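What follows is a single structure, written as structure tokens, with notes after it.
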Amino acid sequence: MAEIIIVPSKAEAGALVADEIVRLIRATPDAVLGLATGSTPVPVYEALRSRLEGVDVSRVRGFALDEYVGIDPAHPESYRSVITREVVEPLGLTPELIHTPNGALEGIEHAGEDYEEAILAAGGIDLQILGIGTSGHIGFNEPGSSFASHTRVKTLIEQTRKDNSIYFDSIDDVPMHCITQGLGTILRARHLVLLAFGEGKAAAVAGAVEGPVTASLPGSAIQLHPHATVVVDEAAASQLASADYYRYALANKPAWQGI
Ligand code: F6R
């Protein structure tokens, strides 16, 4: 199963995951990162700023999980803009090496396949950062998504549009469609790191980690992955039946194991 790490704060989660990313980049200067957007990964990106000072990141490559379909890439809430603003610029990454799925309507029929090919050509993703939606989605793979799915266009459920409306003037401005890495794409990454914070994520986290593996809760796909790490705060961990065991396992973990 995934390793579950319960931390007291978002900042500690960010530091823990950022340390792992720095280790990866030092060992593999052209590492391929899978980049999530939304509020969850922000502490990781913030923690990376000081940690990456003096580290050569010019060859680091990256692939965003998803993008809205039909959104102007220059729109401040397009995931291209978010990744540029929150990751590429503050961390000094090379913009040409950081990719987002192409959500432009023109060519949308083959945009998913193009993205899959680009990920494969890069040699696959080394470390994939994930958040989880209240619906249990990872990427924008809403309930019912195939575990074998690849990057493709999906329709966002109403709850996700509502959750994401905080970034737009109203829910009507949240695009209806997205293009997202599939669950099959995500499962090919070499290391999955899923983060979740707050009470609102507790049910989705418990379902993903301890529930049955089911397309009805896409996050449960991580149970099929040989190297998955779940980093949660106390509130997001509050519905985990085996929380005491996860704490015990962490307290007794050999130092050499890393995450
Ligand atoms: C973002 C993504 C989504 C989010 C999820 C949680 O690229 O693919 O799965 O991780 O919707 O969103 P936040 O972090 O805003 O709660």
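Bear in mind these aren't lab numbers, they're just calculated from the coordinates by the rules spelled out. This structure is a prediction, so every number in the text was calculated from the model and none was measured. Note that we place each Cβ from the backbone using ideal geometry, even for glycine, and neighbour counts take in every protein chain shown.
Most tightly packed first, judged by the mean number of other beta-carbon atoms within 10 Å of their residues, the peptides 84-92, 147-155 read 147-155, 84-92.
In this rough spin-label picture, where each label sits 7 Å from Cα along the Cβ direction, the Asp169-Ala11 distance is 3.7 nm.
Once you order the gyration tensor axes a ≥ b ≥ c over the Cα atoms, which shape class does the range 197-259 get: rounded for a/c under 1.5, otherwise prolate or oblate by comparing a/b with b/c? The shape class here is oblate.
Note on His75 and Thr134: with the Förster distance fixed at 22 Å, the Cβ-Cβ geometry gives a FRET efficiency of about 0.40. Round to the nearest 0.05 the FRET efficiency obtained for Ala203 and Ser242 when R0 = 22 Å and r is the Cβ-Cβ distance. Rounded to the nearest 0.05, the efficiency is 0.90. The order of Ser145, Ser58, going from fewest to most other C-beta atoms within 10 Å of their C-beta, is Ser58, Ser145.
Shape analysis of the range 1-125 places it in the prolate category; the axes a ≥ b ≥ c from the Cα gyration tensor give an a/c of at least 1.5, with a/b above b/c. Exposure proxy ranking for Ser50, Ser165, based on other Cβ atoms within 10 angstrom of each Cβ and starting from the fewest, stands as Ser50, Ser165.
What is the range 113-173 by shape, rounded, prolate or oblate, if you read a ≥ b ≥ c off the alpha carbon gyration tensor as root eigenvalues and call it rounded for a/c under 1.5, prolate for a/b larger than b/c, and oblate otherwise? In terms of gyration-tensor shape, prolate.
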